[in-house]
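Worksheet: one structure, shown below.
Read-outs throughout are calculated quantities, based only on the coordinates presented, and are distinct from any laboratory measurement. Here the structure is a predicted model, which is why all the values come from computation and not from measurement. As a convention, Cβ positions derive from the backbone with ideal geometry for all residues, glycine included, and neighbour counts pool all protein chains shown.
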Amino acid sequence: MPPEERIINGKYIKHRWCQWISRYKKNGVYDGEDEKVNDYSGSVPPYIIDNIARRAAGENKTLVVMAEEWHTAEALCYLSDLLNWHGLRRNAVLLWNANNTMSFHRINWGRLTYVSKITAVSKFMKQIMAGIGHEAIVVPNGIPDRMLEPHNPRYMKMMKAALESRGSGLNALKIGRFDPAKRWMMAVEAVARLKQSGGGVTLMVRGGMEPHGAEVFARANSLGLSIADVTSQDRRPTVEQSIALIANAPRADVLNLKFFLPEEFVRLLYGACDCVFANSGFEPFGLVGLEVMASGGIAFTGATGEDYVIPFVNAISVETNDPNEIVAYMQFLHDNPAAKEQMKKEAYVTSGQFTWQVVINNLVRRIEFIGM
């Protein structure tokens, strides 16, 4: 793809870095990770000095640099050194955002916290940072405004008809990487227990290529759940084609959606299903749960970084690893349709407080304080 892309009248410039390495590392973003980190750390800071920082200082503007993920920590420290060397450090605010705990052991915390202010994506991550001795300011994640747009009525009618035609009673959905932390096993076991109790339920899943997926499907099979792969002849099916794939899928307890899911189709699933399992055991923030709420759905979240959840008011938080907890809450929703609809209304209102515009206003206020 183009190494530089300008959008929004040139106000937003996207730079794709390390492409010369990616050309030879074709097994995903983490292939050649260390080489990419070294290249990034050594080349990004000088670029910022020459192309952004000097111009900002000449126009009497404050340079704000936000970095995220462990890969950027060394680059941010080096940038601070360069800014200081060129007499530009006073005009800059440097932030490093903790959005997970990945490779924390590889970060030079003494140096990073000296040159930058630490932010965190949730109160949960703020407490983790406090636990290792570092103060953090919370700046939450956000969702685009389009997530709050009303569904296409015709598509929603088609989606509901497709689900009802399967005659399974309850319909559940789980989307995410096949990672044990996402508690796939818990979701599968809950569905199996609902089936054993005589309740009909279909679980639609969309995972990744991770090896844990094989373990999840093996467990589902051992519990007596039937599994069917749902594929598409089209590389990128339309929304209508995607809905048809669900309607015409084989009868099974678990539908493995092995095709590209258009965003609008995913939002329709969120809104039409009885519940969406976002029940991670460790989630620094949890965007899926928030997207479900914005789409008019019922999110079953974990109980870690999902600051936006008020249990049984706008979503359901799963507090244990016991599959029976999911079973109990699904039965509650089935038996209390009025409470379910009220929960959806509250969820939609809550999600409106986490759009990017709201989050950016929050961020700007934090930057003004840090800059002081």
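Details
- Of every Cα-Cα pair in the chain, the percent that sits beyond 35 Å: 34 percent
- Greater than 22 Å apart at Cα, pairs in K14/K36; K157/K344; K126/K344: K126/K344
- Centre-to-centre, using Cα atoms only, the range 78-111 and the range 165-187 are separated by 39 Å.
- Calculated FRET value between E341 and K26, using beta carbons and R₀ = 35 Å, to 0.05: 0.15
- FRET efficiency for the pair F260 and Q127, taken as 1/(1 + (r/R0)^6) with r the Cβ-Cβ distance and R0 = 30 Å, rounds to 0.20.
- Sorted peptide list for 170-183, 137-150, criterion being average Cβ within 10 angstrom, highest first: 170-183, 137-150
- Each 5 Å bin from 0 upward holds the following percent of the Cα-Cα pairs of the range 95-159: 4, 15, 20, 18, 8, 6, 6, 8, 7, 5, 3, 0.
- Of all DSSP beta bridges in the chain, antiparallel share, percent nearest 5: 10 percent
- Extending 7 Å from Cα along the Cβ direction at W85 and again at E149 yields two label points whose distance is 4.7 nm.
- The loop-placed GluC sites (Glu not before Pro) in the range 307-372, going by DSSP, that have at most 15 neighbouring Cβ atoms within 10 Å of their Cβ come out as E319.
- Checking the cross-link pairs K174/K258; K26/K182; K26/K258 against a 19 Å limit on the alpha carbon distance flags K26/K182; K26/K258 as lying beyond it.
- 5 angstrom amide H check on V138, placed H, neighbours 5+ away: A120
- Residue-span extension gain [V64 to R219] - 0.36 nm each, minus C-alpha spacing: 51.0 nm
- Ranked by the mean number of other Cβ atoms within 10 Å of their residues, highest first, the peptides 95-105, 275-285, 355-365 fall in the order 275-285, 95-105, 355-365.
- Ranked by how many other beta carbons lie within 10 Å on average, peptides 257-267, 329-339 from highest: 257-267, 329-339
- Just so you know, the Rg over Rh for the range 225-274 is 0.95, from Cα atoms, with Rh as the Kirkwood radius.
- Dipole axis of the range 145-353 (+1 Lys, Arg; -1 Asp, Glu on Cβ), positive-most option in L261, G297, L173: L261
- Rounded to the nearest 20, the size of the Cβ-charge dipole of the range 75-184 about its Cα centre is 260 debye, with Lys and Arg at +1 and Asp and Glu at -1.
- Across the range 145-353, Cα-Cα pairs farther apart than 24 Å form 36% of the total.
- Residues K344, K157, ranked from the fewest to the most other C-beta atoms within 10 Å, line up as K157, K344.
- With a cut-off of 16 Å on the backbone N, the residues of the range 165-187 near the modelled label site 7 Å out from E210 along Cα-Cβ are 174-187.
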